[in-house]
Amino acid sequence: MRVLSGNSSATSAVFFLLSLLVLVAPAIGAQRGNTPPADVPPLSMTCPMHPDIVESSPGNCPICKMKLEPVRLESIWTCPVHAVISESKPGACPICRRDLIQMTVALTWTCADRPDINQIDRGTCPDGKPMTAKRTLRPHGNHNPQHGGQFFMAPDNFHHLEGVYPRNRVFRLYLYDDYARPLGSDQVKRIKGHVVTNETFDSATRTTKEISAFPLVVASNGAYLEARVDTAALPAQMAAKLRFKDDAPEYRFDFTFSALSQQPVPASPTTTGSSVGKGTGAGRPVAKRPVQEEPRAAAVSAPAAPPQPNIPPTEVVASGVESSVATTSIPDTPAGIIVELKTRNEQIGELVQRGDFGAVWVPAFQAKDLAIALETHAKDLDVSQREAAAPSIARLVRTAWLLDAFGDLGNRQQIVDAYALFASAVSDVVTAFTPSK
């Protein structure tokens, strides 16, 4: 569940916090609520215009006020080149041997001879045969880097980008649509931007002054933008500033490269498995793939892709993330939960410090689950501590979602501001659950 809007740090933070006041309560309830059937993902509610809005109960979209619609979300492993491949676990594509990548899809059921039938619950076709599963890729369902770089989503909710540092003093930027498909060369040419390697920040006015900046130029094959920068030492920090249209706002994306980016290559034909990397900004796992008893669907479908530049097939590869990576075991005692909560806070601080924004969501969501678990222990606190605990836990949950959202956007200052709010909430929760002397 993510709501992405706005450009400035202050505007985005206010919008998120107000929106999450509405969204968090159902999310908390979902973690305590009824367990869905084991063989299908649970029903979620989503906005038809804003797919990042995902709730556990009916309602209206907090952005456009449209009525939310039911959807079953599932996390699958598929080939980045051959969409016909749909697996329940990591591995190699049986066709080209590339590593499978993880994507979020919408699960429905249909009939082979009646493609007009598309329903959210499994059933029987008019000819008496069981329906087959149909999996459709959703917008923002794939946040896997395709060139070994760092992957972010633009605040306009459509454009996605991947920053790559293939060799010293060279920065490349690959552009994608909301289905993580490469933009056509004609679209890439319309994007204007530059890369900043040195700047000053005025904390009073919250403005920056660029000291060293370099233009982003379209590559000869139209596949990416490239800048020749002055940074040579690692880790290399730089910010890409882009306008996707002449009248669009300028968006900022901060990159930190601890090493040169390595272009993934297809697995050897003799490989039988696939290693699973953490990735940067990988698509959020939604539900582990259940064992399906119905006939398997032939492919994962998606809207028609725009014209794409001529990119060699070996370049379109990515790694995924384990579905269980964001889960954590919950200690039985409040003291144990507090210890784990402090650890997650430190982990987030370290990730923010080194610029690994795409990985922030993992400890942030773990901290959220730990905080929610503390609610069951609040009844054992004295009155004053209990009154302080409830709002502190609510703030921690909201700011965990905020960290997830800003981690996707890749703006360092927004993430730093969100982490300050999160760390303050953690401190208040710890204080509320610390026995009075």
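The numbers here are math on the coordinates, done by the rules we state, and not lab data. These figures come from a predicted structure and were not determined experimentally. Glycine also receives a Cβ, built like all others from the backbone with ideal geometry; neighbour counts cover every protein chain displayed.
Report the gain in length on full extension from R206 to V170: 0.36 nm times residue separation, minus Cα-Cα distance, nm rounded to one decimal. Numbers along the way, then the final one.
Numbers: separation 36, 0.36 × 36 = 12.96 nm, distance 2.89 nm.
So the extension gain works out to 10.1 nm.
Using per-residue counts of other Cβ atoms within 10 Å, averaged over each peptide, order 86-94, 225-233 from highest down.
Details: 86-94: 18.0, 225-233: 16.0.
Packing proxy ranking, top to bottom: 86-94, 225-233.
Evaluate Rg over Rh across segment 104-192, taking Cα atoms for both radii and Kirkwood's formula for Rh. Provide the component values of the computation, followed by the final result.
Details: Rg = 19.1 Å, Rh = 15.8 Å.
On the Cα set of segment 104-192, Rg over Rh gives 1.21.
Express in nm, to one decimal, how much length is gained between Q119 and A335 on full extension, taking 0.36 nm for each residue of separation and deducting their alpha carbon distance.
On the way: separation 216, 0.36 × 216 = 77.76 nm, distance 4.69 nm.
In short, 73.1 nm is gained.
From the gyration tensor of the Cα coordinates in segment 150-257, what semi-axes in whole Å does the equivalent ellipsoid have, largest first, with each one equal to sqrt(5λ)?
Working: eigenvalues 96, 60, 30 Å².
Equivalent ellipsoid semi-axes, largest first: 22, 17, 12 Å.
Going by average Cβ neighbours within 10 Å, how do the peptides 152-165, 40-53, 113-126 rank, with the highest at the top? Could the numbers behind the result be given before it?
On the way: 152-165: 23.0, 40-53: 18.7, 113-126: 12.1.
Packing order, densest peptide first, comes out as 152-165, 40-53, 113-126.
Quick one: Karplus J couplings for segment 202-209, per residue in order, coefficients 6.51, -1.76, 1.60, θ = phi - 60°, nearest Hz, x for Gly and Pro?
Per residue, the Karplus-derived 3J(HN,Hα) values read 9, 5, 6, 9, 6, 10, 10, 10 Hz.
Search the structure for amide H atoms under 5 Å from the amide H of L100, placed 1.01 Å from N in the peptide plane, and list their residues when 5 or more places away or on another chain.
G91, A92, C93
Which pairs break 19 Å Cα to Cα here: K67/K245; K209/K245; K189/K241; K342/K368?
K67/K245; K209/K245, as the Cα separations exceed 19 Å there.
Quick check: pseudo-label points 7 Å beyond the Cα along Cα→Cβ at M49 and Q263, how many nm apart are they?
4.2
Report ³J(HN,Hα) in whole Hz for each residue of segment 226-236, in order, from the Karplus equation J = 6.51 cos²θ - 1.76 cosθ + 1.60 where θ = phi - 60°; Gly and Pro get x.
Values per residue, Gly and Pro as x: 9, 10, 8, 10, 9, 6, 10, 6, 9, x, 9 Hz.
Taking every pair of alpha-carbon atoms in segment 334-432, give the share separated by more than 23 Å as a whole percent. Working shown, then result.
Values: 1043 of 4851 pairs.
Percent of Cα pairs beyond 23 Å in segment 334-432: 22.
Could you please state, rounded to a whole Å, how far the C-alpha centre of segment 371-435 is from the C-alpha centre of segment 64-140?
Here the answer is 36 Å between Cα centres.
Amide H of N142: which non-local residues (sequence gap of 5 or more, or other chain) have their own amide H closer than 5 Å, using H built in the peptide plane?
It is T104, by chain and number.
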